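The values are calculated or read from the model by the stated rules, or taken from the named source; none is laboratory data. Small disclaimer: the values here were computed from a predicted structure and weren't measured. Here the Cβ positions follow ideal geometry from the backbone for every residue, glycine too, while neighbour counts run over all protein chains shown.
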Amino acid sequence: MIQELPDLAMQVEVVGCPTVCLHCWAMGRPYQAMPLEEISWVLHEVRRFCTTHQLSFTGYPMHEVLAHPQAGEVLVLFQQLWEVAFDPLPTTGVPLATRPDWREILAPLRSYCVPMLWFAFHGTGEVHDCMVQRQGAYLESLRAVALARQAQVHTGCNLFLTTENVSHFDQLVADLLQAGMESIDPCIYGFTPNARGRLTERVRPTWQEVQPILAQLDALPVDDLVRRGWREEVHPESWFVQQALSGSWPAEPEKAEQRLIWLVCRPNLDVYRGDAGHYTRRYGNLRRDGVDDILNRALADGACSHEELWFTPEQLLPVQEVAARFGDQKSQRIHDAGSVRHWWLDCARRAGPMKQQPGRTSLNGSPFVGCRVHAGHEGRTTFSSRAWSRPS
Ligand code: SF4
């Protein structure tokens, strides 16, 4: 019987990115496109294996699928063979603005009631360009918004608030609305425990910095879920320290349930346990070692939470312990619960081993068991309701 939640999740690295976004949890960067025939073979073979073993499965093309030379065909393959829904489809917009066949590559989105592209903005002009490491990217992304609207594709975006862009938020919103942006979700980066995540911490805004922006939310085309997130889920680090130390750590929604076999297929068809940009155990090469052997090895290792891809059981310390040691009781920098806990766990990991005290348990009540962080392909944001595998 096919289970409701997927048993197996595979990211397939079909093409790299024209940008190197500094917030990107998936460590996107330029690399060569996987040929369409190889992509088709991988999708067929994984589907065959999962059907034979009565496993449900899901996956996603990484990293910036619209940059693939045959982007339209790649989208159709994932739609038809793995039932992946690109509604919305995340993109920086750069590929759309820089290729002549932009109208054709949007064609597969027309199968949805509400075809939509989902962008990510980090500021105006050079602030945005610097964050995605591409000169002119801001103007390219605005142009892509206008092109999408011309093609009757709807547009929305994450607008990541940082210490560098809060002062020109109004100009950014004006530019977006003028380009045709229909939905704007101000959000903050969720901390990702990797090199880019640590680098991006330097621009995490404070509670005081975002107050003038929050006062305007009702006047903007903002998703209700995002408004609620700002009211209920995000707080300064100092607030989270108090909650951890007083034993009233807030629930971290949407997480514990996703125990999966997390796989990533590299462009050379090597398969690893992990996530795009984060590779742990190598199982082998699909062509050379055989699909069944590799996926059987992955099955034998079993499912885990997404958090367990990033931290070993020994590193998943109780939140009280890491808050006491690494929490900043004065910090006004904004996080959600998962983000700040991962920040503290990462601090602990870099500081070296701490001894687990007998009888102490993790926040879930069982020793060393952690929750899942959103694999949201969205340079993990806070409070996003969107697809688990969205990068931009
Ligand atoms: S956010 Fe998207 S476009 Fe940017 S580096 Fe990551 S995968 Fe590539």
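When you check Val65 against the structure, is it farther than 20 Å from Gly290 by Cβ, touching a residue at least 40 places away in the same chain (Cβ under 8 Å) and surrounded by 16 or more Cβ atoms within 10 Å (Cβ to Cβ), yes or no?
yes
Say we look at segment 77-96 and pick out the residues that are within 13 Å of the ligand (Cβ to nearest atom) and hydrophobic (A, V, I, L, M, F, W, C); which of these is nearest to Ser183 (Cα to Cα)?
Selected residue: Leu89.
Under 25 Å from Cys113 (Cβ atoms) and either β-branched (Val, Ile, Thr) or more than 16 Å from the ligand (Cβ to nearest atom) (or both), is that true of Val74?
Spelling it out, Val74 is indeed under 25 Å from Cys113 (Cβ atoms) and either β-branched (Val, Ile, Thr) or more than 16 Å from the ligand (Cβ to nearest atom) (or both).
Against the definition (farther than 30 Å from Glu307 by Cα and polar (S, T, N, Q)), how does Thr98 come out, yes or no?
yes
In segment 316-331, how many residues are of a type in the set (S, T, N, Q) and within 20 Å of Glu252 (Cα to Cα)?
The qualifying residues number 1.
Quick check on segment 1-49: of everything there that is buried (at least 22 other Cβ atoms within 10 Å of the Cβ) and in a helix (DSSP H, G or I), which residue is nearest to the ligand (Cβ to nearest atom)?
Ile39
Across segment 130-159, which residue is surrounded by the fewest Cβ atoms within 10 Å (Cβ to Cβ) among those that are among the charged types (D, E, K, R) and farther than 11 Å from Thr92 by Cβ?
Restricting to residues being among the charged types (D, E, K, R) and farther than 11 Å from Thr92 by Cβ, the top hit is Arg149.
Can you give me the ranges of the helices (runs of 4 or more DSSP H) entirely in segment 178-236 with at least 3 residues that are modelled with pLDDT under 95 and surrounded by fewer than 13 Cβ atoms within 10 Å (Cβ to Cβ)?
224-232
May I ask you to verify whether Ala144 is part of a helix (DSSP H, G or I), within 15 Å of the ligand (Cβ to nearest atom) and out of contact with any strand residue (DSSP E or B) (no Cβ under 8 Å at 6 or more places or on another chain)?
No.
Which of the following residues is more than 19 Å from Ala67 (Cα to Cα) and within 16 Å of the ligand (Cβ to nearest atom): His128, His168?
His128
Restricting to segment 297-331, name every residue that is surrounded by 14 or more Cβ atoms within 10 Å (Cβ to Cβ), of a type in the set (S, T, N, Q) and more than 24 Å from the chain's Cα centre (by Cα).
Gln320, Ser331
For Gly59, indicate whether it is at pLDDT 95 or above, within 22 Å of Gly190 (Cα to Cα), of a type outside the set (Ser, Thr, Tyr) and in a loop (DSSP other than H, G, I, E, B).
no
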